1. Could you tell me which residue of region 18-34 is surrounded by the most Cβ atoms within 10 Å (Cβ to Cβ), considering only residues that are within 16 Å of residue 104 (Cα to Cα) and under 13 Å from the mean Cα position of the chain (by Cα)?
2. For residue 24, indicate whether it is in a helix (DSSP H, G or I) and within 19 Å of residue 88 (Cα to Cα).
3. What are the residues in region 33-60 that are in contact with a helix residue (DSSP H, G or I) (Cβ under 6 Å, 6 or more places away or on another chain) and outside any helix (DSSP H, G or I), if any?
4. So for region 115-124 (the condition being farther than 20 Å from residue 42 by Cα and assigned to a helix (DSSP H, G or I)), does at least one residue qualify?
5. Would you be able to tell me the number of residues in region 35-73 that are more than 17 Å from residue 10 (Cβ to Cβ), more than 14 Å from the chain's Cα centre (by Cα) and surrounded by fewer than 21 Cβ atoms within 10 Å (Cβ to Cβ)?
6. Mind checking which pairs have a first residue in region 10-21 that is farther than 15 Å from residue 44 by Cα and a second that is not in a helix (DSSP H, G or I), Cβ under 8 Å, 6 or more apart or different chains?
7. Considering only residues that are in a loop (DSSP other than H, G, I, E, B) and exposed (fewer than 14 other Cβ atoms within 10 Å of the Cβ), which ones fall in region 92-113?
């Protein structure tokens, strides 16, 4: 059952990643990977919320498999982030590569922390 939850969640997350990435690219252009940046930061926030709510009992354990591993695993894009950062380096855009690499890591860590705080507030944990 857990494999099915992960698989269905992963399909939803991958579709969401595609749609959000395409939307942000059309909105902001493709000179910088804004879609990947946004997706990784928001995915970090959401995983913080979900895992705290599961841990505190406000969400069932199955939510960990379906939402955290499935949806958010399919939604976040670390391999894409790595490839796009390398592309910025290859294009000679060292400032963009540094902004992308450090910005996503720092903001994702801050976002997961804020997600944990939000999850604790929501779940009363």
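Every number here is computed from the coordinates shown, using simple stated rules; none is lab data. Just so it is clear, the structure is predicted and the values come from calculations on it, not from any experiment. Here the Cβ positions follow ideal geometry from the backbone for every residue, glycine too, while neighbour counts run over all protein chains shown.
1. Here the answer is 21.
2. Details: in a helix (DSSP H, G or I): yes; within 19 Å of residue 88 (Cα to Cα): yes.
Yes.
3. 33, 56, 58, 59 - these are the residues of region 33-60 that are in contact with a helix residue (DSSP H, G or I) (Cβ under 6 Å, 6 or more places away or on another chain) and outside any helix (DSSP H, G or I).
4. First, the residues of region 115-124 that are farther than 20 Å from residue 42 by Cα: 124.
Right, trim to assigned to a helix (DSSP H, G or I) and you get none.
Among the residues of region 115-124, not one is farther than 20 Å from residue 42 by Cα and assigned to a helix (DSSP H, G or I), which makes the answer no.
5. The qualifying residues number 7.
6. 21/77
7. Applying the first criterion (in a loop (DSSP other than H, G, I, E, B)) to region 92-113 yields 92-93.
Passing the criteria: only 92.
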